[in-house]
Amino acid sequence: MHICKENAGKFFFSCENAIFFVPLHAKFVHIMKVLLINGSPRANGNTSIALAEVAKTLEAEGVEIITVHIGNQPVRGCVACGACHVKKGKCAFSDPLYDQLHAILSEGVDGMVVGSPVYYAGPNGSLCALLDRLFYSAGMLLSYKPAAAVAVCRRGGASACFDRLNKYFTINNMPVVSSQYWNSVHGWEKGEATQDAEGLQTMRTLGRNMAWMLRNLANEQRPESEKPKLRTNFIG
């Protein structure tokens with residue numbers, strides 16, 4: 001795209017041989033983008049149903065959705081090598097899933113929703129392995145961006161899974177978006193989540209609350225952080 005100079009009270013830009021005239025008083029509106037990470041190995045399971053309800057509501061509020069499904073391939077975890085700090089925010093291990101998410105964050109998103117099935121009262125281990133690397137290496141790309149976790153379970157363990165996922169946000173200066181209930185949906189067999197009327201309503205409320213928070217934080221100045229950032233331990 002090429003931005004050109006003023007012409008009779010308008011400026012114009014050209015893109016792929018087409019010319020568009022825009023009044024000088026017109027305002028360009030930033031389209032909000034939210035990244036949805038489906039942490040289930042099943043592409044179209046109950047976690048997908050829950051996240052789709054959030055996505056549908058956000059889209060109705062004018063928010064663009066980027067959805068990434070982690071799939072069922074092995075995901076390498078963090079080995080605490082510290083190379084990401086030397087490589088300026090990029091994990092030492094390169095794989096398509098991490099690279100895809102890092103590229104999306106580098107381009108810029110305004111919010112994040114992470115969904116996971118519940119395994120032994122916690123999130124999918126592959127999802128945690130991915131988030132460990134992503135947040136440790138590139139957490140600065142998400143600071144002060146609203147975020148929410150979604151847990152999907154058969155019967156129990158959702159609150160513990162929900163709490164575990166929220167830990168990524170609350171250590172990274174990210175406002176946590178709430179709903180009318182804890183963000184959980186119930187379902188065991190494929191498609192059963194569609195029968196959880198309260199759970200799906202909770203997802204829709206979550207979507208509206210996130211859109212509201214995105215709009216209200218859009219022009220707010222971030223708080224200043226104290227420098228240096230202190231890190232202490234309990235030895236000596």
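The values are calculated or read from the model by the stated rules, or taken from the named source; none is laboratory data. Since we're looking at a predicted model, the values are computed, not measured. Using ideal geometry, Cβ is built from the backbone for each residue, glycine included, and neighbour counts are taken over all protein chains shown.
Key figures for this structure:
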read-out: The one condition in (1) within 29 Å of L217 (Cβ to Cβ); (2) at pLDDT 95 or above; (3) more than 18 Å from the chain's Cα centre (by Cα) that A151 fails to fulfil; value: (3)
read-out: Segment 210-224, residues that are part of a loop (DSSP other than H, G, I, E, B) and surrounded by 10 or more Cβ atoms within 10 Å (Cβ to Cβ); value: A218
read-out: Lone qualifier among A138, A149 - being within 17 Å of N38 (Cα to Cα) and either touching a helix residue (DSSP H, G or I) at 6+ places or on another chain (Cβ under 7 Å) or surrounded by fewer than 19 Cβ atoms within 10 Å (Cβ to Cβ) (or both); value: A149
read-out: Among (1) modelled with pLDDT of 95 or more; (2) over 20 Å from K190 (Cα atoms); (3) β-branched (V, I, T) - the single one T67 does not satisfy; value: (2)
read-out: In segment 41-76, the residues that are surrounded by 15 or more Cβ atoms within 10 Å (Cβ to Cβ), of a type in the set (A, V, I, L, M, F, W, C) and touching a residue at least 12 places away in the same chain (Cβ under 8 Å); value: I49, A50, L51, V54, A55, L58, V63, I65, I66, V68, I70, V75
read-out: Qualifying residue in segment 139-147 (condition: among the basic types (K, R) and either touching a residue at least 60 places away in the same chain (Cβ under 8 Å) or closer than 25 Å to L206 by Cβ (or both)); value: yes
read-out: Pick from segment 159-209, criterion among the charged types (D, E, K, R), in contact (Cβ under 8 Å) with a residue 24 or more places away in the chain and assigned to a helix (DSSP H, G or I), ranking: nearest to L141 (Cα to Cα); value: R164
read-out: Enumeration of residues in segment 110-151 that are under 23 Å from V79 (Cα atoms) and aromatic (F, W, Y); value: Y119, F135, Y136
